[in-house]
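First comes the structure, then the notes that go with it.
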Amino acid sequence: MADRYGNDVLSGDWRKPKNGRTVEVEIEKGMVVEEPSSGFVGAIVRWEHGVVDLEDRHGRVRTYPLGPGFWIDGKPVSLKPPKKAGPVKKTRTASGSVAVDNVRAKVARASRIYVEGRHDAELVEKVWGDDLRIEGVVVEYLEGVDDLVEIVNRFQPGPGRRLGVLVDHLVEGSKESKIAAQVSNRYVRVVGHPYIDIWEAVKPSSVGIKAWPRIPHGQDWKKGVLQSFGWPATDQADVAAAWKHILSKVKSFADLDPALLGRVEELIDFVTLD
């Protein structure tokens with residue numbers, strides 16, 4: 001069966017625009033547009049010298065000339081560089097969803113999403129926070145998954161009380177995969193990304209680095225990364241400062257690897273089924 005979360009979730013509505021009049025729109029990073037002749041839908045990641053780069057949720061990037069020939073929400077637009085003063089009105093949330101104005105957040109559901117650590121929770125909040133508040137979903141963080149079975153049992157999942165868990169380094173043969181396999185409850189879904197730490201889910205290009213370094217097994221991963229880049233790595237304050245810098249570079253889903261995007265969206269769908 002095809003993985004529905006592996007597809008481009010921004011695609012799907014290929015109707016002709018209802019309004020044939022083209023409107024000029026000032027572009028901003030993260031704005032999602034469609035190039036109708038090719039059917040390509042993506043977020044704006046950069047622009048210069050009269051061209052704009054669009055990146056879809058699979059990480060594919062295509063370059064198009066600025067100007068007319070694009071759609072936003074099924075209507076024709078002409079893209080132009082932004083003025084130095086004043087931001088363009090936000091039309092999408094950081095996750096790529098349509099931004100909704102003047103909507104109060106729902107009362108928190110009994111269902112929850114658990115993530116492994118504080119940094120995971122902060123990243124999920126930054127990209128999916130608007131969506132989660134509208135849906136009434138609370139994200140809580142764990143300190144590792146060693147006691148996941150016990151944690152699930154304490155939660156007492158059931159109808160109207162679903163639990164989604166996002167696990168780091170959930171790959172075949174890992175300690176995390178063996179622990180996750182012990183959880184068997186129709187109201188619990190455990191998914192994960194392949195990275196040792198959530199930092200790696202941020203695209204290196206967004207942080208301004210060529211690649212995330214490989215840290216030898218047994219060495220503290222975060223401090224190893226800091227040392228590799230020549231950043232201060234003395235204590236947890238240095239780790240916290242580095243994460244603050246990394247998180248500041250994340251503006252939208254376009255700054256994250258697709259391996260994380262699909263999994264978070266899968267959990268949001270799962271815990272909002274009831």
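The values are calculated or read from the model by the stated rules, or taken from the named source; none is laboratory data. A quick note: this is a predicted structure, and the numbers were derived from the prediction, not measured. A quick note on method: Cβ atoms are made from the backbone with ideal geometry, for glycine too, and the neighbour counts reach across all protein chains shown. All accessible areas refer to the heavy atoms of the entire protein, side chains included, with ligands and DNA or RNA removed. Shrake-Rupley method; radii C 1.70, N 1.55, O 1.52, S 1.80 Å.
On full extension, the segment bounded by V171 and V61 gains 36.9 nm, given 0.36 nm per residue less the C-alpha separation.
Spin-label model, A259 to E143: label points 7 Å out along the Cα-to-beta-carbon direction sit 2.7 nm apart. Annotation: per residue accessible area for segment 129-205 equals 50 Å², rounded to a whole number [probe 1.4 Å, protein chains only]. Projected label points at I151 and A241, each 7 Å from Cα along the beta carbon direction, are separated by 3.0 nanometres. Every pair of different Cα atoms in segment 140-274 enters the Kirkwood calculation, which places the hydrodynamic radius at 16.5 Å.
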